[in-house]
Amino acid sequence: IANRVRELGLTLTAGLAVLALGVWAFAAIADEMADGETGYDQAVADWLHGRATNPLTELFEAITTLGNGIVLAGVTAIAAYLLLRRGHRREALLMVLAFAGAEIVSYSLKLGFRRDRPFFTDPLASESTFSFPSGHSTVSLAVYGALAVVIARRVSRPARLPWLAAAGVLVGLIGFSRLYLGVHFLTDVLAGFAAGAAWLAACVVTLDLHQRLRLRRQTSR
């Protein structure tokens, strides 16, 4: 138990660092956007749109579906069910909190900032909601990140990095797909990553802190 308490202490420190960095990054991006200092957003959007080709468009249309709400809800439900069957209630709760909370955070921030999406006369895709931050980026990072954390804690140390890297690549591709398809600006995606990381870190820290306090109570008896 003492070793487990020390390990949780290390993850709490890392989680708090990610939480602080995510909040800071989101605030910095939001401040730039509010001050109108994101002229590069349109330049990036125009550059990508002008170089869109059909094979790539079909590829990124497929990739972007991995970040929509229905797919992420399915991933969350399946992961939580399998974890519960194996008695891992805390990890199952992490998956549910990561998805549900990130959806709420994303929706609330969109309503708060009410930013219009990129406009093209010949769009590759269209969305009806507000643009900032990217919901795909926010929620996919929270869900796939939570899944990677759960798996990383169940495998050997050498195997942890590949799982975390795979989640990072997948989330990065989902974020880029939103840029390529012209439904988000660069700062929308970056802010979504920051918000998703902050929310995931908050979930991990809260649950790990609860577990650490419980273990401490057990050792003090």
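Considering only alpha-carbon pairs that sit under 8 angstrom and 6 or more positions apart, the relative contact order computed for the chain is 37 percent.
For the range 1-101, the set of trypsin sites (Lys or Arg not before Pro) satisfying both a DSSP loop assignment and a count of at most 11 other C-beta atoms within 10 Å is given as 51, 86.
The value obtained for the range 65-191, namely the Cα convex hull volume divided by the number of residues, is 93 Å³ per residue. Please state the shape class of the range 166-211: rounded when a/c is under 1.5, otherwise prolate if a/b exceeds b/c and oblate if not, all from the C-alpha gyration tensor. Here the range 166-211 falls in the prolate category. Dipole magnitude for the chain: about 1940 debye, using +1 per Lys or Arg Cβ and -1 per Asp or Glu Cβ, origin at the Cα centre. In units of the compact-protein estimate 2.2 N^0.38 Å, the range 88-127 shows a Cα radius of gyration of 1.79. Across the chain, the fraction of Cα-Cα pairs farther apart than 30 Å, rounded to a whole number, is 28%.
Computed from the coordinates by the stated procedures, all read-outs in this text should not be read as laboratory data. Just so you know, these numbers come straight off a predicted model, no measurement behind them. Every residue, glycine as well, gets a Cβ built from its backbone with ideal geometry; the counts of neighbours run over all protein chains shown.
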